Amino acid sequence: MRKALHFGDAGTQHGADGRLRHLLSMEGLRDREILHILDTAESFLEIGQRVIKKTPTLRGRTIVNLFFENSTRTRSTFELAAKRLSADVLNIAVSTSSQSKGESLLDTVDNLRAMHVDGFVIRHPEAGAAHQVARHVGGEALVINAGDGQHAHPTQALLDVFTIRHYRGPMENLVVAIVGDVLHSRVARSQIYALSILGCPEIRVIGPRTLVPAELSALGVHVYHDLDAGLQGADVVCALRLQRERMEAHRLPSLDEYHRRFGLTSQRLEKAAPGALVLHPGPINRGVEIASELADGPQSVILAQVTHGLAVRMAVLTLLAGALGGEEE
Amino acid sequence: MRKALHFGDAGTQHGADGRLRHLLSMEGLRDREILHILDTAESFLEIGQRVIKKTPTLRGRTIVNLFFENSTRTRSTFELAAKRLSADVLNIAVSTSSQSKGESLLDTVDNLRAMHVDGFVIRHPEAGAAHQVARHVGGEALVINAGDGQHAHPTQALLDVFTIRHYRGPMENLVVAIVGDVLHSRVARSQIYALSILGCPEIRVIGPRTLVPAELSALGVHVYHDLDAGLQGADVVCALRLQRERMEAHRLPSLDEYHRRFGLTSQRLEKAAPGALVLHPGPINRGVEIASELADGPQSVILAQVTHGLAVRMAVLTLLAGALGGEEE
Amino acid sequence: MRKALHFGDAGTQHGADGRLRHLLSMEGLRDREILHILDTAESFLEIGQRVIKKTPTLRGRTIVNLFFENSTRTRSTFELAAKRLSADVLNIAVSTSSQSKGESLLDTVDNLRAMHVDGFVIRHPEAGAAHQVARHVGGEALVINAGDGQHAHPTQALLDVFTIRHYRGPMENLVVAIVGDVLHSRVARSQIYALSILGCPEIRVIGPRTLVPAELSALGVHVYHDLDAGLQGADVVCALRLQRERMEAHRLPSLDEYHRRFGLTSQRLEKAAPGALVLHPGPINRGVEIASELADGPQSVILAQVTHGLAVRMAVLTLLAGALGGEEE
């Protein structure tokens, strides 16, 4: 898996001066870089509480949301993050774009570069798309991977570790269990790297054999195919969205059967540590990977994740734009 | 009908302090509240005349246009209203949203609340959707119903009474006739309540038996199935858009037949009071519910309604945001 | 062709005071007007280099992008141009608009006028659509034709002559060849007028007999059906996009055959003057009308055209808005 995930991340994410200039995947990030992003996000958290939720940080900058897959949630958070930083935002959705006229990803990007945009937030169905763009634009514009195929979704992982740290402190003493369709999940891959870099001593993945790659144990991750066993004593439980649309046929008997075996409920959660945190990247499939009473209950921090996600994205945009400024000005 | 329309409006629209905090339907509003909105709108009317059509009223606030039905016209007016008040605007259209992934309305709203948005402008095909959202968010964000099924469209009714007052003064001395497909019209329902609250002494509805509910007479509304009789002496004539797409089969013989019996023309309008005002919520079906010569003629105030609609929406956003501020700060 | 192109441009584009108030087509523009736009654009070019890419020129103004045809590229450039001038921008795409409910173009425009928008950027599949709107709104709002059917695309022609002047100086001494599907190209028509008005002594069009109208020679344009002959000694070569979707059947044997006969490559370009400039309006069909090595090579100014296009659109918006202000204030 590590091999399959490797798109030359380290070399591409950092500039010649060693500064982070793109955010493409968790792999290749240093722990202090992640912590710096989380600390910066902490300072943005307060802006959401104000009446005037706005800072002039990115005034006069242009951020493009270049989405080749639909995602209202992710697009909206990035759009709001950029607008609250006072940037101009250009939303480009794939289905209405000249992509349908056959233009390539890099030709589209080149056109936007020629308009001197400062940043690209890219969601694309193919793994490695954001890396390709980052290698192409170099230090000219910042690139944030907002999800590329089944590869990575780094801002999701950042908001997850932000949330865990927010409620439980450093990762160093925590047992974290990830439950669900790990095989198809860019969220899970990014979470595993983020937790690992931040020193989480025990990362578990739980799911049916068809949805949890065996190679994961080579990464030091503990693999469970039984929910109760995997949840035993966990401090944090990260549910994954069951990607019905991505799942190939025959990997699961039925949604009911899946829920019965791997669906999180308050009752199943009793196996975890008392008051264990429950995370989910959203949107949730109620009654499939998670029961409503749990999703809406006191242990759930699912909506806090959304709040934190906005702060994390404001932090990432600010830090990467700062690195841009450093090279250009 | 009153029963069917009742979604606990009064309790939901007003906060514990009695202030209006959401705009969901005309029902439950007090006359002085409506007049306060109209007076505030009057002050915004002048902004549209300026070169710099902008006030800092909502700077740093975030307004979401959450549209589960297409409506360029309504969405554009709300978007412009919010932008001219300096708010950040997030447009979310249903077909491109995660709704298609099966997320519920309230889950979508909860996610946006978690991003600390200040207001929701909601259009939804189901009656009561905006009320449901308002009950859910309470005093945390303002909610404006931009049309929910066949129930209500309060800003349309406000711009209509604004327009009538603008040209004819208070409702107290006017005969107002509403012509068309009253049965399917949220516009008509909202108009009837608004006119009634403002003391209009004679409200008439005119239309074929299949499109005018008999229960209306219980509300003190005068029902006519003959256009000439209904127009007799009317000071204001509000045409309704014939919702072809909503009409069930067999309710109308044909569009030609409809126009012949209920279509407004300059000639038919001679039955009304001299210089009677003609309103229409748009977009108009020329030659169906209204003849082009009338729609474009001197008695028509259809485009003035659009101008007034922008001012009314700026007023509503400002007043509701002010109530928010009052509770939060 | 001149007859077919004539929509009363001169009378419509200029106000009673002789100032340019709309940009509808190159036809009818004076050379000094074009040069004034190019000079103004030159001053905007520098803004794209700044960190804060923003001027307050159009603050408080509202510009509507009214697109009845999809074009991410053109829409994005106009959106960015208006935003960098600090205008509020309203994007209206046809497929999601009330046009589908049967409202006419002018009814849509009238509604937006009633909201006091300051400018319309219009793309429409029918020739003459922008002229119709300009005649309708008169001096009340500026109208920019962003492409109307096979008629005109004036900002494209302006950015082309801007680019040629930028690299080669005045048109007076240049041989310019336009290669491709001239018959269906609003770009070619606009280029021919722009070059001609600016005094280009030799304009050539090159293409198969089925795609190059014979009438063109009446305009003083030199018609070639052989690529090598047409390129001979040319200083500037403007490739046209092959509009596959517009081409009627049987006009071309095949894309391969087209490329073999009229596709631009480095080798074919050797016939042109040394270092001849290569332009293309984009998006390019690599390997059809132009080879990748040429499009990405040192003679290509295709991406510079995009940069210049943004500056030209900022200039046009500024100049036309200035004329508005002059009449209104």
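The values are calculated or read from the model by the stated rules, or taken from the named source; none is laboratory data. Fair warning: this is a prediction, and the values are worked out from it, not measured in the lab. No Cβ is skipped: glycine too gets one built from the backbone with ideal geometry, and neighbour counts run over all protein chains shown. Each accessible area value is taken on the protein alone, full model and side chains, heavy atoms only, with ligands, DNA and RNA left out. Shrake-Rupley method; radii C 1.70, N 1.55, O 1.52, S 1.80 Å.
Residue A:47 meets each of the listed conditions (1) crowded, with 23+ Cβ neighbours inside 10 Å; (2) among the aliphatic types (A, V, I, L, M); (3) within 11 Å of another protein chain (Cβ to nearest Cβ) apart from (1). Scanning the stretch A:96-105 for residues that are open to solvent by 40 Å² or more (accessible area, probe 1.4 Å) and either more than 7 Å from every other protein chain (Cβ to nearest Cβ) or modelled with pLDDT of 95 or more (or both) yields A:99, A:100, A:104. Taking the numbered list (1) at pLDDT below 95; (2) farther than 21 Å from residue B:41 by Cα in turn, residue B:52 passes all entries but (2).
Residue under question is residue B:163, and the condition is that it be open to solvent by less than 10 Å² (accessible area, probe 1.4 Å), under 20 Å from residue B:79 (Cα atoms) and either touching a residue at least 40 places away in the same chain (Cβ under 8 Å) or of a type in the set (A, V, I, L, M, F, W, C) (or both); does it hold? Show your work before the answer.
Values: open to solvent by less than 10 Å² (accessible area, probe 1.4 Å): yes; under 20 Å from residue B:79 (Cα atoms): no; either touching a residue at least 40 places away in the same chain (Cβ under 8 Å) or of a type in the set (A, V, I, L, M, F, W, C) (or both): yes.
Criteria not met by residue B:163.
May I ask you to list the residues in the stretch C:54-78 that are closer than 15 Å to residue C:318 by Cα, more than 14 Å from chain B (Cβ to nearest Cβ) and surrounded by 19 or more Cβ atoms within 10 Å (Cβ to Cβ)? Matches in the stretch C:54-78: C:54, C:77, C:78.
Over 20 Å from residue B:148 (Cα atoms) and part of a loop (DSSP other than H, G, I, E, B), is that true of residue B:252? Answer is yes for this residue. The residues of the stretch B:256-294 that are part of a helix (DSSP H, G or I) and either among the charged types (D, E, K, R) or open to solvent by less than 10 Å² (accessible area, probe 1.4 Å) (or both), listed by number, are B:256, B:257, B:258, B:260, B:261, B:262, B:268, B:269, B:293, B:294. Among the residues of the stretch C:273-327, those identified as charged (D, E, K, R) and touching a residue at least 12 places away in the same chain (Cβ under 8 Å) are C:289, C:293, C:313, C:327. The lone criterion from (1) open to solvent by less than 10 Å² (accessible area, probe 1.4 Å); (2) under 24 Å from residue A:235 (Cα atoms) left unmet by residue A:147 is number (2). In the stretch A:195-213, is there at least one residue being open to solvent by less than 50 Å² (accessible area, probe 1.4 Å) and of a type in the set (Ser, Thr, Tyr)? Among the residues of the stretch A:195-213, not one is open to solvent by less than 50 Å² (accessible area, probe 1.4 Å) and of a type in the set (Ser, Thr, Tyr), which makes the answer no. Here residue C:39 fulfils each of the conditions (1) more than 14 Å from chain B (Cβ to nearest Cβ); (2) among the charged types (D, E, K, R); (3) closer than 21 Å to residue A:108 by Cβ apart from (3). Among the criteria (1) modelled with pLDDT of 95 or more; (2) farther than 30 Å from residue A:62 by Cα; (3) not in a helix (DSSP H, G or I), the one residue C:298 does not fulfil is (2). Just to be sure before I move on: is residue C:229 in a helix (DSSP H, G or I), open to solvent by 10 Å² or more (accessible area, probe 1.4 Å) and either of a type in the set (A, V, I, L, M) or farther than 17 Å from residue C:277 by Cα (or both) in the structure I sent? Taking the combined requirement at face value, the residue satisfies it. In the set B:81, B:93, only one residue is among the small types (Gly, Ala, Ser), modelled with pLDDT of 95 or more and not assigned by TED's automatic domain parsing to the domain that holds residue B:162; that residue is B:81.
The residues on offer are A:135, A:113, A:123, and the sole one that is in contact with a Leu (Cβ under 8 Å, 6 or more places away or on another chain), open to solvent by 40 Å² or more (accessible area, probe 1.4 Å) and not aromatic (Phe, Trp, Tyr) is A:113.
Can you confirm whether residue B:204 is farther than 30 Å from residue A:303 by Cβ, out of contact with any Leu (no Cβ under 7 Å at 6 or more places or on another chain) and outside any loop (DSSP other than H, G, I, E, B)? Against the criterion (farther than 30 Å from residue A:303 by Cβ, out of contact with any Leu (no Cβ under 7 Å at 6 or more places or on another chain) and outside any loop (DSSP other than H, G, I, E, B)), residue B:204 qualifies.
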